[in-house]
Amino acid sequence: MNLKISALEFVQEVQNGNISAEDFVAKTLERIQSIDDKLHAFLSINEDAVNQAQEIDRKVKSGDKVGVCFGMPISIKDNMCIKNSKTTCGSKMLENFVAPYDATVIRKLKQQDAIFVGKVNLDEFAMGLTTEFSAFGPSKNPWETDHVPGGSSGGSAVSVSAFECVASLGSDTGGSVRNPASFCSVVGFKPTYGLISRYGLVSYANSIEQIGPLTRTVKDTAFMLNIISGLDSNDNTTVDNKDENYLSGIDSGIEGKKIGIIKEMLGDGVDPAVLSATKDAISKLENLGATCEEISLDMVKYSVAAYYTITATEAGSNLARYDNLRYGYDFSVEGYEFNSYITKARQNFGPEVKRRMIIGGFVPSTGHAGKYFLKALKIKSKLTREINDAFKKFDLLIAPTVPILPFKIGEKIDDPIALFLVDINTVTANLTGKPAISVPFAVSNGLPIGIQLLADSMQDKLLLRAAHALENTVKLPEVPI
Amino acid sequence: MTKIGLEIHCQLTNLESKLFCSCKANYREFQINENICPVCMGLPGSLPRLNQEAVKKGTMIAMALNCTTPDKIAFFRKNYFYPDLPKNFQITQLNIYGDTSIGGAGSIMVGDKKIRITRIQLEEDPGRLIYEGSSTKNQITLVDYNRAGTPLVEIVTEPDFENPKQVREFLNILSDLLENLAVADPSLEGAMRADANVSIEGGNKVEIKNIGSFHDLEKAVHFEITRQNSLHSRDITITQETRHWDDKRKITISSRSKEEELDYRYFLEGDIPWVKIDSEIQEKLKSKMPESISSKKERYISKYNIPSQVADVLSSDKFYSDLFDESHTENNAKEIANIITTDLMGLVDTREKLEKSKITATHLRDLADSIQSGKISRNSAKNALYEIVKTGNDLSQVISELDLGNVSDESELTGIIREIISEESQAVEQAKSNPQTINYLVGKVMQKTKGKADPKLTLDLLKKQIG
């Protein structure tokens, strides 16, 4: 049984009766069993997965209607709710929280007969970019297991990269899908804000974050997007994509497209290997008939500061509900009044969450909002204006997904500022609501490099088309695990 | 000069569902923590889903209070920790970053006094705290989240009231207005709550929070003015502070909590996009709004010549004015207005009775027509009304069952009159010389027929018989 196939190949094989969903899912679980001790992608396993796959095989054999996923085993970042299963958000605060409802993306995937093999690791409440801030310990990069896999959707990227599932869903607030996708050499996509319902995704910075797929190929991402995108009455911020088919025309290339190279994302501090991979990507795109030209987005230099100010403000509010009264971990109220109880209970948050919540209590407060929060909002709208202007001239923008290569676990954990700056190339898409994708492009000394493409709002289809063209220009080595 | 300003919280009790989920807005009939879902419990991952009907009703209230209505509204988060607040923030509205609240400045007349409205905002009600255990040491607080997320409008006034009487009159007008708009039932427990700002000449502003009903609001304001006046007369400074209304002891008590120092860190609620309410939508809403109380009153007076006082009473009560509008015709309007205001309102004078009452517009129309055509006397009509309210039976059935119909059969009445003439010979002689005294004989006929004789016919026949 070959587990190293794409989602679309899997669907084809089960549909044609060449493989059974049960075998594939069982082998996937065996692989998780045998290698996840080393990788720590998974926080929980769906014990019922094989039974669910059996049911799909039965449907295939008897000719019953089967959903388009045909029992495809996927992993879900542990900040999305699956009914009756734990949703920990990588936090001690929600260690025992069992979701009583399905997120919209989960409901849609269930309808299409996807199978959730398990919930995967993340930085606590998705705050971080290495998974080192998970309360349950970091995940390891399958390319080099003493290196970080990126984050916050690190478990998603690891599980796809190491063939522990066929595809995964992560969430991207400032690069949390694209960053680990780049570090683990998989495709990671953040759609236009509102394209995928966030209902059931535990909020961190709700005004800019999106759920996004992590897959082995760009076509797989388009396939996933077809299933999970679209208007949702449970999320007022969703947009109508008129049931767009993101797979159709994905092979039609990028001839004649204009691509802007974002100058500020290739400045000081970019690793030489990353820089040369980016240059290589640009020349390959030009060979495909695109024209590339440098463009300056001046506000990018303030984007990380604005990003942390806005996300901390929203996080401070979004995480206020974790007072441990209605759900949470085991901690008796006996002997406490309200304020002392929640103060004590909230000490179970990890250091990064605490740091951001303290910032989030300060930057929007009376007397300080003008200096910090409102200024950050100004940068956000200026940056949006700049990028909108850029898209009048260009169809797409390009930059490396992360300016540096994957680094060792523990190397930067005590230097929050250094960690913040790793986000410089990814936060722009979130602050402006634009779609962006990381495509695996190179491996330097055994460490993956991803290239990022951005498109204008609701141009997700064009973006996937270009990403698919870029992906086809390289043949990358297989993950050494 | 005494200055009083109000912040009134009105639940939109007539809405089907809560402000951000499909749980019932009418939480009152549920067992504790039964009317809840992931959204109103603020469970991880849940998102608010704006009730568009609440936006419409809120806009109607703003229009009825002559407020400006912006063409785009936004929601904000008010962040603070409290056990009745499932998310530890409240989704509400705000005007500090431009006019984004559902209603802007407006005003309403209370007698000759103009009361200015500062703004109206749409927001969610928190849950309900239930305190158990008597001593403060062993007290436990239980939370019922059934109410959490119930749609509220907060109506903020300028400090334009000068005395508790104006406050009461304003509240009466506001209650009638909300009822007339069919957005709320102000009589439901907890449906109307308020905070009040009170200051007297030379004193600081004192805020009274947590007043649970309109009835107590007037009392609280009255208490506070008296308290402040008595301090002032003894040259004691009135400190600026927040006080709570103790509805058991009916006094205000200084709050020890530093609520006024809280920083709510307001910011835009990103989960609810701006809501467009452009002029086209506003016009549509306006056309759907029920006729205002003052316009109804005007119409009753000018069209039907109904006395001003009767029109006033009739127009300000939605139930009765609806009944009137449904039942009256050009000819019987005045009669129906009379039946409603003099008889029916006395008969059905509590909410309970109103809910049990079986009267319909058809009943009223039949009654008025029967009075006017002489089929039934006013006196009998009253008895019939009593029976109709109780049973809901047709008027004709009630008349025949209770034998209330006028005796208008000529031969039957002639027989009765003959009897009276023979019994009252002296009075008959008197009537012959002085026609004024014939009324005495009419009265006798009425007595004998238990008030059912058709008065006009009786008089005609008497005159004929006496000659």
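Every read-out reported here was derived from the displayed coordinates using simple, explicitly stated rules and does not represent laboratory data. Computed from a predicted structure; not experimentally measured. Counting neighbours? That spans all protein chains shown, and the Cβs are built from the backbone with ideal geometry, glycine included.
Odds and ends about this structure:
- Ignoring aspartates and glutamates fewer than eight residues from A:LYS461 along the same chain, the ones with Cα atoms less than 16 angstrom from its Cα are A:ASP220, A:ASP240, A:ASP243, A:GLU244, A:ASP251, A:GLU255, A:ASP395, A:GLU471.
- Taking chain A and dividing mean pair separation by its residue count, relative contact order in percent (alpha carbons under 8 Å, at least six apart): 17 percent
- Region B:352-440: trypsin sites (Lys or Arg not before Pro) in DSSP coil with no more than 12 other Cβ atoms inside 10 Å: B:LYS358
- The B:GLU241 and B:ARG351 beta-carbon pair, evaluated with R₀ = 35 Å, returns a calculated FRET efficiency of approximately 0.40.
- For residues of B:266-277, the mean tally of beta carbons on other chains within 10 Å: 4
- Listed residue (A:ILE196, A:ASN46, B:ILE340) projecting farthest to the positive dipole end of the protein assembly as shown, Cβ model: B:ILE340
- Relative contact order (%) - criterion: Cα under 8 Å, at least six apart; region: region B:375-417: 43 percent
- Proxy reagent accessibility, fewest Cβ within 10 Å first, across B:GLU410, B:GLU179: B:GLU410, B:GLU179
- DSSP beta bridges confined to region A:163-215 are antiparallel in about 100 percent of cases.
- GluC sites (Glu not before Pro) lying in DSSP loop within region B:24-116, provided at most 14 other Cβ fall within 10 Å: B:GLU34
- For chain B: relative contact order, % (alpha-carbon pairs under 8 angstrom, 6 or more apart): 13 percent
- Distance-filtered residues of region A:272-306 - backbone nitrogen under 16 Å, label point 7 angstrom along A:LYS392 Cα→Cβ: A:296-298
- Mean ellipticity per residue at 222 nm, deg cm²/dmol - from DSSP H runs of n ≥ 4 across the protein assembly as shown, formula -39500 (n - 2.57): -11500 deg cm²/dmol
- Counting Cβ atoms of other protein chains within 10 Å of each residue's Cβ and taking the mean over peptide A:97-103 gives 3.
- Neighbour counts of other Cβ atoms within 10 Å put B:MET63, B:MET289 in the fewest-to-most order B:MET289, B:MET63.
- Each peptide in A:134-141, A:261-268, A:72-79 gets a packing score, the mean of other Cβ atoms within 10 Å over its residues, and the list from highest to lowest is A:72-79, A:134-141, A:261-268.
- Neighbour counts of C-beta atoms inside 10 Å place B:TRP274, A:TRP143 in the sequence B:TRP274, A:TRP143, starting with the fewest.
- Look at the stretch A:113-123: the mean tally of other chain Cβ atoms within 10 Å of its residues' Cβ atoms is 0.
- Pairs over the 21 Å Cα-Cα cut-off, from the set A:LYS4/A:LYS219; A:LYS86/B:LYS24; B:LYS114/B:LYS297; A:LYS258/A:LYS284; A:LYS65/A:LYS86: A:LYS86/B:LYS24; A:LYS65/A:LYS86.
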